[in-house]
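All remarks here apply to the structure that follows.
The values are calculated or read from the model by the stated rules, or taken from the named source; none is laboratory data. Here the structure is a predicted model, which is why all the values come from computation and not from measurement. Here the Cβ positions follow ideal geometry from the backbone for every residue, glycine too, while neighbour counts run over all protein chains shown.
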Amino acid sequence: METTALISFIGIIVGVALFIFLSFKAMNLCVAAALGAVVILLFNGGNIYQGIVDFYVVGLANAMKSYFLIFTMGGIFGKIMDTSGGAKAIAAALLKLMRKNKTNPQFFAVYFLVIMYFILTYVGIHGFIIVFTVLPIGRELFHELDIPWRYYCYGSGGCIAAYYLLGSVSSVPSVAASLFGVHVGAAPVLSVIMFLMYLVIDGLWINHDVNSHMKKGEGFFPGGNEIWKLQMESFDENADLPKLWQAVIPMLVMVVLAATGTPTVIALVVGCILGIIFLWNRLKGKVKTTLNTGATSVFVALVNVCGAAALGTVIKNTAGFGFITGVLDNLPPTAAGLLLAFIGTCLLGSSSSSMPAFGEQTVGYFTAAGIPAATGFRVYTCATNLIYPPQNTGVVNASSTGRIAYKDAVKIYLKSTGIPNVIIMVVLIILLATGII
C-alpha cells in the first residue's frame with residue numbers, strides 16, 4: 001500500500017472511531033459525523049475546507065434528496081395517526097388479543113412492541129416518531145408485568161421486519177428499491193420468506209432472553225427508575241378511540257399502492273389524504289397543526305441520517321477508500337457487494353446512511369455478479385441491516401428517550417439485528433450459490 005493511501009486509511013479508522021465515540025456520548029450525529037469528516041480529510045491531505053464543501057455538504061444534499069419527501073410524508077402520516085388516536089386504536093386492539101394469552105405474558109408484552117414497531121414502520125413512520133407513540137404503552141405494560149425495562153429496545157426489531165415485507169413505504173426499502181430500479185413489491189416470495197424468518201427467529205430469541213433473565217429475579221426496577229419518574233400520559237386501552245377500520249383502511253390502501261409499483265411518496269400522500277378523511281371527526285380544527293408538526297417532527301432524524309451519509313461521501317473520496325475498493329475488486333462480485341453493504345452500515349451506523357453513500361457501488365457489484373435487480377434489492381436490504389453498530393440512530397434515540405443505559409441498549413440492538421439477520425443472510429447466500437434466486 002502506498003504511504004499516502006496508508007495514512008488516509010488510518011485516517012478513516014480514526015475519524016470513524018471519533019464519530020462512534022461522540023455518538024456514544026450522545027452528541028448530535030450530524031455534528032459528530034462532521035467532526036469525523038474533518039479528521040478523515042486531515043489525514044487524507046489537501047484543503048480541509050474544500051473537502052467539507054465538495055464532499056460533506058454535497059453528500060448531505062444528496063442524502064436529503066433521497067430521503068426528504070419520504071421522511072416528511074411519513075412524519076405527517078405519523079402525526080395524523082397520533083393526533084387522531086389511530087395508532088392507539090391499533091395498539092388497543094393488539095393488546096386485547098395479547099391479554100387473552102396467559103401462558104407467557106412477559107414474552108407477549110415484549111413481542112407486542114415488535115409488532116407495533118413493525119406496523120408503524122411499515123406504513124412509513126420513522127422510529128424517531130414511533131417511540132413517542134409506543135413508549136408510554138411499553139412503560140405501563142412492562143411495569144404491570146414487572147419486565148426489565150431495557151427489553152423495550154427489542155421493539156426496534158419490528159423495523160427490520162418492516163423493511164423485508166413487500167409493500168413497505170418505509171424509507172429504507174424505498175431507497176434500496178430505487179437504487180436497483182425496482183419497486184417495493186419486487187421479489188414477493190423472497191420478501192415473505194425473509195419477513196417470516198426474521199419474526200420467528202427474533203421471537204425465539206426474545207423468548208429465551210426474557211425467560212432466562214426473569215428466572216434470575218430481574219424486574220422493572222431498578223432499570224426502569226428514570227422512565228417511571230417522567231410525567232407521561234398513561235395509555236388506556238378502553239379510552240374513547242376511533243374505530244379500528246378507520247385507522248387501518250388508509251394504511252392498507254397505501255401499502256397496496258406501494259406493493260403494486262406506485263412510487264412510495266405518492267402512496268404516502270394518498271395515505272395522508274385518506275387518513276384525514278377517515279379520521280376527520282378526530283382531526284377537526286387540528287389539521288393545520290397536525291400537518292405542520294408532522295412535517296417538522298422528522299427534521300432531527302433526517303439531519304442525523306443525512307449527516308452520517310455525508311461522512312460516507314467523504315470516505316468514498318479518500319485515497320484510503322481506494323485501498324478498500326481495491327481489496328473488494330479482487331473478490332467475487334457478490335462477496336464484494338455484500339461486504340461493502342455491511343462495512344457501510346458499520347462505518348455510518350445505519351442502512352439509511354449507508355445507502356446514499358455506497359449504494360450505487362454495491363449495485364454495480366451485484367450487477368457484475370449477474371444477480372437480478374429484484375433479488376439484489378432484497379439481498380442488499382438484508383446486508384445493510386445485518387447488524388446495527390453502537391452509533392446507530394435508533395440506539396441513541398431509544399437510550400435517551402427511554403432513559404435506558406446506553407450499554408444495555410447497544411447490546412439488545414446488536415442481538416435483535418445480528419442474530420436473526422445473520423441466519424437469514426446465510427440462507428440467502430446458499431440460495432444465490434445454488435442458483436435458486
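Would you confirm whether or not region 293-314 contains a residue that is assigned to a loop (DSSP other than H, G, I, E, B), touching a Lys or Arg at 6+ places or on another chain (Cβ under 7 Å) and either in contact (Cβ under 8 Å) with a residue 24 or more places away in the chain or surrounded by 19 or more Cβ atoms within 10 Å (Cβ to Cβ) (or both)? Looking for residues that are assigned to a loop (DSSP other than H, G, I, E, B), touching a Lys or Arg at 6+ places or on another chain (Cβ under 7 Å) and either in contact (Cβ under 8 Å) with a residue 24 or more places away in the chain or surrounded by 19 or more Cβ atoms within 10 Å (Cβ to Cβ) (or both), one finds at least one in region 293-314, hence yes. Tell me whether region 372-387 contains one or more residues that are over 22 Å from residue 194 (Cα atoms) and assigned to a helix (DSSP H, G or I). Checked against the condition, which is being over 22 Å from residue 194 (Cα atoms) and assigned to a helix (DSSP H, G or I), region 372-387 yields no hits at all.
For region 278-292, the tally of residues that are basic (Lys, Arg) and either exposed (fewer than 14 other Cβ atoms within 10 Å of the Cβ) or touching a strand residue (DSSP E or B) at 6+ places or on another chain (Cβ under 9 Å) (or both) stands at 2.
For (1) touching a helix residue (DSSP H, G or I) at 6+ places or on another chain (Cβ under 9 Å); (2) surrounded by fewer than 21 Cβ atoms within 10 Å (Cβ to Cβ); (3) modelled with pLDDT of 90 or more; (4) over 30 Å from residue 284 (Cα atoms), each residue gets a yes or a no:
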position	(1), (2), (3), (4)
88	yes, no, no, no
91	yes, no, no, no
100	no, yes, no, yes
104	yes, yes, no, yes
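Flag: residue 70 matches the condition of being assigned to a helix (DSSP H, G or I), among the β-branched types (Val, Ile, Thr) and buried (at least 21 other Cβ atoms within 10 Å of the Cβ).
Checked against (1) under 22 Å from the mean Cα position of the chain (by Cα); (2) buried (at least 17 other Cβ atoms within 10 Å of the Cβ); (3) not polar (S, T, N, Q), residue 41 passes all but a single condition, namely (1).
All of 26, 17, 32 fail the test of being modelled with pLDDT under 95, at positive phi, of a type in the set (A, V, I, L, M, F, W, C) and under 23 Å from the mean Cα position of the chain (by Cα), apart from 26. For residue 275, the conditions (1) crowded, with 17+ Cβ neighbours inside 10 Å; (2) under 16 Å from residue 163 (Cα atoms) all hold with the exception of (2).
Among the residues of region 362-381, those identified as surrounded by fewer than 24 Cβ atoms within 10 Å (Cβ to Cβ) and either within 21 Å of the chain's Cα centre (by Cα) or closer than 19 Å to residue 190 by Cβ (or both) are 363, 367, 369, 370, 371, 372, 373, 374, 375.
In the condition set (1) farther than 19 Å from residue 232 by Cβ; (2) touching a residue at least 60 places away in the same chain (Cβ under 8 Å), residue 49 is compliant with all but (2). Cβ-Cβ distances below 9 Å connect the following pairs, each with a first residue in region 71-88 that is touching a residue at least 40 places away in the same chain (Cβ under 8 Å) and within 16 Å of residue 270 (Cα to Cα), a second residue that is among the charged types (D, E, K, R) and part of a helix (DSSP H, G or I), and a separation of six or more residues or different chains: 81/88.
Tell me whether region 22-33 contains one or more residues that are more than 21 Å from residue 303 (Cβ to Cβ) and touching a residue at least 60 places away in the same chain (Cβ under 8 Å).
No, because not a single residue in region 22-33 is more than 21 Å from residue 303 (Cβ to Cβ) and touching a residue at least 60 places away in the same chain (Cβ under 8 Å).
Considering 151, 122, the condition of being surrounded by 23 or more Cβ atoms within 10 Å (Cβ to Cβ), of a type in the set (Phe, Trp, Tyr), farther than 20 Å from residue 396 by Cβ and modelled with pLDDT of 90 or more is satisfied by 122 alone.
Out of all the residues in region 139-146, is one or more outside any helix (DSSP H, G or I) and under 19 Å from residue 396 (Cβ atoms)? No, region 139-146 contains no residue that is outside any helix (DSSP H, G or I) and under 19 Å from residue 396 (Cβ atoms).
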